[in-house]
Amino acid sequence: MNLKVPYFSLAEQNRALRAELDAAIGSVIDSGAFCLGPEVEAFEREFAAWNGSRHVIATNSGTAALHLAARLLKLQPGDEVITTPFTFAATSWAISYTGATPVYVDITPATYNLDPDQVAAAVTPRTKAIFPVHLYGLPCDIAAIQRVAADRGLAVVEDAAQAHGATVDDVKVGNFAPLTAFSFYPTKNLGALGEGGALVTNDDSFADRARALRNHGCRERYRHAEVGYNYRMEGLQGAALRVKLRHLDTFNAKRRALARRYTEHLRGLPLTLPVERPGSRSAWHLYVIRAADRDGLARHLADRGIGSAIHYPIPLHLQPAYAALGYRAGALPVAEQASREVLALPFYPEMPLEHTDLVSAAIREFFHH
Ligand SMILES: *Cc1c(COP(=O)(O)O)cnc(C)c1O
């Protein structure tokens with residue numbers, strides 16, 4: 001079906017940047033530097049400068065960056081890692097890949113992010129780390145989580161896969177915890193022309209070890225210091241990301257304007273609208289509302305040619321993949337209710353402002369008939 005208001009589109013962005021992207025890709029083809037190489041190194045320097053961070057280690061996915069973080073912390077079987085059940089599954093995969101156990105605590109209803117008080121209550125002698133997420137672009141309460149971690153001697157890894165440019169007290173995410181993972185999956189605020197990710201850190205020894213782990217554990221060729229991975233970013237993606245990074249502030253400003261417009265239109269309806277906490281700014285990765293009859297609202301929008309999406313319909317503690325952890329329905333009620341009620345509205349930087357008007361009018365009609 002050809003939607004009147006698509007949920008998401010990259011066509012306009014890639015069309016507008018086509019000449020820049022063609023030139024960048026052509027130069028990689030001419031250079032032959034397809035795996036890591038000068039374009040990836042330049043991207044690492046430029047993203048580090050943009051984020052105000054010391055080291056960027058570019059990878060071939062956000063999941064790989066999260067896994068590197070888990071390896072750097074030397075997580076192992078028997079360790080517990082406190083994390084959120086309401087996120088994309090890769091946050092937990094990184095923990096599980098090391099043999100450590102994800103321990104889920106509930107979120108706060110307004111932010112969809114980890115509740116720091118429940119994090120503190122879940123710490124045991126086996127707890128080694130906390131993996132919070134900045135969901136939908138909204139920074140979690142990272143200061144409170146860092147306090148819990150400092151009190152108990154725990155490490156923190158920020159999952160900023162959805163939060164490029166989000167700030168707390170004007171400092172970008174990626175500068176609070178010792179390790180932060182970003183994703184450059186095409187739909188993210190900064191997207192590659194395929195897969196991509198990065199680990200960000202201000203710690204020199206973490207950076208040195210992460211660079212080796214990313215490249216088969218090598219600092220020099222064919223000498224493997226430890227069992228490593230092929231998590232290298234491709235040269236073509238580094239070149240494409242350098243192009244898109246130059247426009248990221250513009251894209252994020254457009255997201256902010258669209259979000260403001262949605263909020264103005266939707267205020268007063270029996271919906272929960274997204275918020276920003278005092279002192280923090282969302283990167284507005286998604287615009288997510290909640291409605292008691294979420295599925296009815298989604299159908300109503302679909303009937304009018306308006307797309308929408310659910311991030312995420314099943315919280316991680318109830319996923320088949322984690323059945324062995326033994327969580328029951330009802331264990332984490334706020335996350336479970338969110339998974340039944342959240343709806344992401346059409347949202348991407350190039351979306352015409354008028355589409356927010358069409359979507360909002362259709363939502364208003366749903367409540368007024
Ligand atoms: C996208 C995403 C990831 C994984 O990133 P990939 O690049 O797709 O591997 C991890 N965590 C969150 C919250 C994400 O949104």
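At a glance:
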item	result
Subset of the range 210-236 [touching a helix residue (DSSP H, G or I) at 6+ places or on another chain (Cβ under 9 Å), touching a residue at least 60 places away in the same chain (Cβ under 8 Å) and not in a strand (DSSP E or B)]	A210, L213, R214, Y229, Y231, M233, G235, L236
Residue match in the range 237-246 (condition: more than 19 Å from the chain's Cα centre (by Cα) and part of a loop (DSSP other than H, G, I, E, B))	yes
Test: L138 is crowded, with 22+ Cβ neighbours inside 10 Å, within 15 Å of the ligand (Cβ to nearest atom), under 21 Å from S282 (Cα atoms) and among the aliphatic types (A, V, I, L, M)	yes
Pair list, Cβ under 9 Å, 6 or more apart: the range 37-62 residue within 11 Å of Q237 (Cα to Cα), other residue away from the ligand (no atom under 16 Å from the Cβ) and assigned to a loop (DSSP other than H, G, I, E, B)	E39/A33; V40/A33; A58/L36
Qualifying residue in the range 308-316 (condition: in a helix (DSSP H, G or I), within 25 Å of the chain's Cα centre (by Cα) and crowded, with 20+ Cβ neighbours inside 10 Å)	yes
Pair list, Cβ < 7 Å and 6+ apart or interchain, from the range 287-298 residues that are in contact (Cβ under 8 Å) with a residue 24 or more places away in the chain and at negative phi to residues that are of a type in the set (S, T, N, Q) and open to solvent by 10 Å² or more (accessible area, probe 1.4 Å)	I289/T272; R290/T272; A298/S308
Number of positions in the range 172-209 that are away from the ligand (no atom under 16 Å from the Cβ) and either free of Cβ contacts under 8 Å to residues at least 12 places away in the same chain or open to solvent by less than 20 Å² (accessible area, probe 1.4 Å) (or both)	4
Residue within the range 76-97 that is closer than 23 Å to A338 by Cβ and free of Cβ contacts under 8 Å to residues at least 24 places away in the same chain present	yes
Selection status of P278, closer than 18 Å to P109 by Cβ, in contact with a helix residue (DSSP H, G or I) (Cβ under 6 Å, 6 or more places away or on another chain), part of a loop (DSSP other than H, G, I, E, B) and open to solvent by 70 Å² or more (accessible area, probe 1.4 Å)	no
Extreme residue, farthest from P315 (Cα to Cα), among residues of the range 141-164 that are part of a loop (DSSP other than H, G, I, E, B) and open to solvent by 20 Å² or more (accessible area, probe 1.4 Å)	G153
Where G296 falls short, out of the listed (1) in a helix (DSSP H, G or I); (2) within 30 Å of H368 (Cβ to Cβ); (3) open to solvent by 60 Å² or more (accessible area, probe 1.4 Å)	(3)
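The values are calculated or read from the model by the stated rules, or taken from the named source; none is laboratory data. Being a predicted model, the structure only gives us computed values, none of them experimental. In this analysis, Cβ positions are derived from the backbone assuming ideal geometry, glycine residues included, and neighbour counts consider all displayed protein chains. Keep in mind that these areas ignore ligands, DNA and RNA; they rest on the heavy atoms of the full protein, side chains included. Shrake-Rupley method; radii C 1.70, N 1.55, O 1.52, S 1.80 Å.
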